[in-house]
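First up is the structure itself, then whatever we jot down about it.
The values are calculated or read from the model by the stated rules, or taken from the named source; none is laboratory data. Predicted model only: the values in this text are computed from it and were never measured. Positions of Cβ are generated from backbone atoms using ideal geometry, with glycine treated the same way; all protein chains shown enter the neighbour counts.
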Amino acid sequence: MRIETGRGTIPFITLLGIWSISALSALPGLAVSPILGQLSTIFPHASEFDIQLLSSLPSLLTIPFILLSGKLTERVNNVLLLQVGLVIFALSGVLYLFSGQMWQLIAVSALLGVGAGIIVPLSTGLISRHFEGRYRTQQFGLSSAITNVTLVLATMLTGYLAEVNWHLPFIVYLAPVFSLLLSFFLKSDNTSAQPVTQTSTGHIHVKRITSLMAFYGLITYLVIIVSFNLPFLMEEYHFDTGASGVIISLFFLAIMLPGFFLNPVLSFLGSLTKFTCLSCIALGLLLILLSGSEWVLGTGAVLIGLGYGVMQPVIYDQTTRAADASRTTFALALVMAMNYLAILLCPVIIDSLQTLFHIHTQRFAFGFNLGITLLAVVWAYWKRHDFLFEDAPAGSADGTSR
């Protein structure tokens, strides 16, 4: 079975390899989350800083290695670079299973961040390298969907495994072994790909890339409070704490859903795509802010997820049109790094503002982000014909906008 790419065809197993890299992008940090509450018991001498470092270090190290990996793709065999990242990622999974002290877990977390950082830009870079036009747009949507469904399923799995033994959630970090095997099919198939070894002589449209970086960081910051703050808000509302896990799962499933229908959505909404998506996010935040019902909270989370789920792959697709082919993966690395930076900064920004203004309610985070989102809605409509907001229709063969 061969898959149409817009410039030829590739074997299905090659596409399966590309999809598997997208799935891995969701894994860093997941295994630690279900055992965070147990760590002070498992390691009674561990400080609060140690526990925070264990959960945040992978993301901290992922950012610089995303940028390094993106730059290296201009000079190094991309598949070889991918395989190095996969080996490091898988090695961290093995070492986690045998780590029995906090300092060992922290050290392995650093290694995990290095491996994840190397492969993250290649997850989208391989799509831009193999696909073109509407086929590329479609694959970015599917890649986003795969990442988010993996996030939901892996979260459920690690939560179950943590109840059996605190070491078992780290088994999910062995998944790169499967991707490593599939990567050899990437290496053998160059029929519709860009040359593997490239030099950094291409052009990057700095203004466009900068605007995409800023916008991606902004929307990630706006929506990530659902996973960070919603459980605490529901506790403040005196809801069942178990319901927050269900609603957060719905949020990530909603992010996943648009990826399967991305081209039709873009064809229908055109230059109003991001305006509509930001409006959905604003409505979702408003529902959460004013809600007295779990159903309304869930509806708000779903609306936020749907809005973000459309914009995320669209931004990746736009990035490929803001750089020459030889520098596309580096451009994608710059944009994708903003996702991790926003995730790291979101709790810092919210906590700092709450401390500064002596605010003690979790409603503040949603109200504050709602205000920013409403400003972004106005901005998106006003600038709807600029590059950032003029999203390409799905049927465009060359990826240009209407």
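Quick notes on this one:
- Pair list, Cβ < 6 Å and 6+ apart or interchain, from region 380-402 residues that are within 16 Å of Phe140 (Cβ to Cβ) and of a type outside the set (Val, Ile, Thr) to residues that are in a loop (DSSP other than H, G, I, E, B) and modelled with pLDDT of 75 or more: Gly399/Arg321; Ser401/Glu390
For (1) modelled with pLDDT under 80; (2) closer than 23 Å to Leu111 by Cβ, each residue gets a yes or a no:
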position: Phe12; (1), (2): no, no
position: Ser20; (1), (2): no, yes
position: Leu24; (1), (2): no, yes
position: Leu27; (1), (2): no, yes
position: Ala31; (1), (2): no, yes
position: Pro34; (1), (2): yes, yes
position: Leu39; (1), (2): no, yes
position: Ser47; (1), (2): no, yes
position: Ile51; (1), (2): no, yes
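- The condition of being small (Gly, Ala, Ser), closer than 19 Å to Phe184 by Cβ and either in contact (Cβ under 8 Å) with a residue 40 or more places away in the chain or outside the structural domain of Glu163 (by TED's automatic domain parsing) (or both) holds for only one of Ala31, Ala23, that being Ala23.
- Some residue of region 310-321 being basic (Lys, Arg) and touching a Leu at 6+ places or on another chain (Cβ under 9 Å): no
- Pairs where the first residue, in region 316-329, is outside the structural domain of Ser22 (by TED's automatic domain parsing) and at pLDDT 90 or above and the second is assigned to a loop (DSSP other than H, G, I, E, B) and of a type in the set (Phe, Trp, Tyr), C-beta under 8 Å, 6+ apart: Gln318/Phe387; Ala322/Phe387
- Ser128 assigned to a helix (DSSP H, G or I), in contact (Cβ under 8 Å) with a residue 40 or more places away in the chain, closer than 23 Å to Asn339 by Cβ and in contact with a Gly (Cβ under 7 Å, 6 or more places away or on another chain): no
- Scanning region 37-69 for residues that are out of contact with any Leu (no Cβ under 8 Å at 6 or more places or on another chain) and under 21 Å from Glu163 (Cβ atoms), we see that the one that is surrounded by the fewest Cβ atoms within 10 Å (Cβ to Cβ) is Pro44.
- Picking from residues in region 109-134 that are of a type in the set (A, V, I, L, M) and surrounded by fewer than 24 Cβ atoms within 10 Å (Cβ to Cβ), the one that is farthest from Leu182 (Cα to Cα) is Ala110.
- Test: Phe170 is in a helix (DSSP H, G or I), modelled with pLDDT under 95, buried (at least 23 other Cβ atoms within 10 Å of the Cβ) and out of contact with any Lys or Arg (no Cβ under 8 Å at 6 or more places or on another chain): yes
- Filtering region 265-303 to residues that are over 22 Å from the mean Cα position of the chain (by Cα), part of a helix (DSSP H, G or I) and touching a residue at least 40 places away in the same chain (Cβ under 8 Å) leaves Ser267, Leu269, Gly270, Ser271, Leu272, Leu286, Ile288, Leu289, Glu294, Leu297.
- Some residue of region 356-379 being closer than 20 Å to Pro264 by Cβ and assigned by TED's automatic domain parsing to the domain that holds Met256: no
- Check on Gly100, within 22 Å of Ile146 (Cα to Cα), of a type outside the set (A, V, I, L, M) and assigned by TED's automatic domain parsing to the domain that holds Leu182: no
- Restricting attention to region 356-402 and to residues that are of a type in the set (S, T, N, Q) and more than 17 Å from Leu233 (Cα to Cα), the residue that is modelled with the highest pLDDT turns out to be Thr373.
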